[in-house]
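Asker: A single structure is presented below for examination.
The values are calculated or read from the model by the stated rules, or taken from the named source; none is laboratory data. Source: prediction; values computed, not measured. A quick note on method: Cβ atoms are made from the backbone with ideal geometry, for glycine too, and the neighbour counts reach across all protein chains shown.
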Amino acid sequence: MPVTNAKKTTRAPTIDMKLEVVVIPVSDVDRAKEFYANLGWRLDADFAGPDDYRVIQFTPPGSPSSVIFGKNVTAAAPGSAQGLYLVVSDIEAARNDLRDRGVEVSEVFHAGGDVHTGPDEPYLFGRRRIGGAEPAHRSYRSYVSFHDPDGNGWLFQEVTTRLPGRVEAADTTFTSSTELASALRRASAAHGEHEKRNGGQYDANWPDWYADYIAREQAGQPLPV
């Protein structure tokens with residue numbers, strides 16, 4: 001039953017609350033450990049305790065959050081964790097990396113406009129999956145899916161430009177050299193178009209233009225032209 005007398009608050013949060021760990025249920029701990037290690041994720045812990053207790057923690061590359069699984073860690077049914085998002089800046093590169101590691105992975109897809117109706121049709125947020133990247137290659141719109149051996153479901157989501165308000169305007173951070181390189185490639189392509197619009201002349205201030213483009217892209221602000 002919904003609570004109807006809850007008071008809406010507009011107070012700014014006073015403490016940081018960082019999502020740090022997500023629990024995933026598995027049936028075979030060692031099999032799951034091998035799978036996630038094969039993904040190239042960092043193994044942070046493998047602890048055993050009394051009462052047949054064991055917990056393993058992995059962290060995806062560049063992620064501030066980790067996953068844990070083990071024995072007597074959760075009562076959830078193995079494979080019941082679905083819709084676990086991994087944000088990437090290059091969906092094709094992320095997919096190719098999984099394939100190179102021998103992981104069964106879907107083709108790149110995007111969500112369609114019609115509502116899912118059939119029980120056997122793959123869907124995303126109630127919308128049909130349509131093959132291929134989102135035609136305009138807009139941020140947040142292209143996906144790849146894969147599962148671990150228990151059936152826990154993961155999604156790669158391509159994010160190149162954050163929505164306004166998702167990133168502090170003054171902050172520009174990268175969690176890996178790969179992510180920074182992708183941002184530089186996008187800035188390079190955009191700067192090439194910028195030079196064409198200005199008669200094709202060499203822009204000696206290209207470092208400033210790159211920096212402005214990357215900072216604006218991360219903050220979800222209008223991009224320079």
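Asker: Pick out the one residue from ALA75, ALA93, ALA32 that is out of contact with any Leu (no Cβ under 8 Å at 6 or more places or on another chain), surrounded by 11 or more Cβ atoms within 10 Å (Cβ to Cβ), at pLDDT 95 or above and of a type outside the set (Asp, Glu). Before the answer, list the steps.
Answerer: Working: ALA75 fails: surrounded by 11 or more Cβ atoms within 10 Å (Cβ to Cβ); ALA93 fails: at pLDDT 95 or above.
Residue meeting the stated conditions: ALA32.
Asker: Which numbered condition trips up GLY83, out of (1) exposed (fewer than 12 other Cβ atoms within 10 Å of the Cβ); (2) in contact with a His (Cβ under 9 Å, 6 or more places away or on another chain)?
Answerer: So the condition that GLY83 fails would be (2).
Asker: Sticking with this structure for a sec: Suppose we filter segment 181-225 for residues that are more than 23 Å from the chain's Cα centre (by Cα) and in a loop (DSSP other than H, G, I, E, B); how many remain?
Answerer: Here the count works out to 10.
Asker: In segment 28-62, how many residues are within 19 Å of ALA77 (Cβ to Cβ) and hydrophobic (A, V, I, L, M, F, W, C)?
Answerer: Of the residues in that region, 5 qualify.
Asker: For VAL87, are the conditions met, namely being assigned by TED's automatic domain parsing to the domain that holds SER139 and in a strand (DSSP E or B)?
Answerer: Working: assigned by TED's automatic domain parsing to the domain that holds SER139: yes; in a strand (DSSP E or B): yes.
When the stated conditions are applied, VAL87 passes them.
Asker: Still on this model: Quick check: anything in segment 158-169 assigned to a loop (DSSP other than H, G, I, E, B) and at pLDDT 95 or above? Steps first, please.
Answerer: Pass one, segment 158-169, residues assigned to a loop (DSSP other than H, G, I, E, B): 159-169.
Now restrict to residues that are at pLDDT 95 or above: none.
No, segment 158-169 contains no residue that is assigned to a loop (DSSP other than H, G, I, E, B) and at pLDDT 95 or above.
Asker: Pairs only if they're at least six apart or on different chains, beta carbon under 7 angstrom, first in segment 39-50 and under 12 Å from SER63 (Cβ atoms), second in a strand (DSSP E or B) and of a type in the set (Ser, Thr, Tyr); list them, first residue then second.
Answerer: Close Cβ pairs (under 7 Å, with a partner that is in a strand (DSSP E or B) and of a type in the set (Ser, Thr, Tyr)) amount to TRP41/THR59; ARG42/THR59; ASP44/THR59; ASP44/SER66.
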